[in-house]
Amino acid sequence: MRESEEGFTLIGLLIAVAILGILATIAVPKFTAAVTTANTAKVQADLSTLDTAIATARIETGRDPTKISDLTDYVEDIDNLKPPKGKVYIQGKATDVSATVYGISKSSDGKEPRATLDSHTAAEFTKQAGSATTDTK
């Protein structure tokens with residue numbers, strides 16, 4: 001029989017696994033929230049860019065664009081401009097993105113077209129509930 005056996009004890013392994021489990025429990029929700037925040041920022045940036053392109057197109061052509069493809073002269077590589085997959089914050093609530101393309105719809109006052117994702121404008125994509133502004137143009 002051997003007097004000295006080297007290796008890890010069962011209790012040592014259980015403690016190590018428990019520590020890893022605790023760290024994972026803390027890290028995974030923070031990572032998920034960070035991805036949701038990044039997706040929201042991308043959507044806000046894309047919609048703001050598209051709103052600027054819509055305004056430029058209206059000034060240069062004198063008519064309202066009705067679909068995203070009408071903005072090809074104003075947005076570089078618009079055919080590859082897609083919303084992110086996963087969750088985004090819409091007025092403070094994490095929501096899955098169901099749309100695969102951005103759209104254009106009339107503003108709430110019916111005067112100017114706005115870039116949208118799932119019928120939501122850039123102002124509605126916020127982490128804070130109720131912080132979306134109304135369209136006053």
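Which residue, of Ala129, Ala122, is without any contact (Cβ under 8 Å) to a residue 60 or more places away in the chain, at negative phi and not β-branched (Val, Ile, Thr)?
Exactly one residue qualifies, and that residue is Ala129.
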> Quick one: is Ile68 in contact with a strand residue (DSSP E or B) (Cβ under 9 Å, 6 or more places away or on another chain), under 26 Å from Thr126 (Cα atoms), at pLDDT below 95 and of a type in the set (A, V, I, L, M)?
Replying inline: yes
>> under 27 Å from Phe125 (Cβ atoms) and aliphatic (A, V, I, L, M): which single residue out of Ala55, Ala16, Ala24 fits that description?
In response: Ala55
> Using beta carbons and a limit of 8 Å, which pairs, at least six apart or on different chains, have the first residue in region 58-76 and without any contact (Cβ under 8 Å) to a residue 60 or more places away in the chain and within 16 Å of Ile104 (Cα to Cα) and the second one part of a loop (DSSP other than H, G, I, E, B) and β-branched (Val, Ile, Thr)?
Replying inline: Ile68/Val101
> Are there any pairs with C-beta distances below 7 angstrom linking a residue in region 16-44 that is on the phi < 0 side of the Ramachandran plot to a residue that is assigned to a helix (DSSP H, G or I), with the two at least 6 apart or on different chains, and if so which?
Replying inline: Gln44/Ala122
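The values are calculated or read from the model by the stated rules, or taken from the named source; none is laboratory data. These numbers come from a predicted model, not from an experiment. Neighbour counts are summed over all protein chains in view; Cβ atoms, including those assigned to glycine, are modelled from backbone coordinates with ideal geometry.
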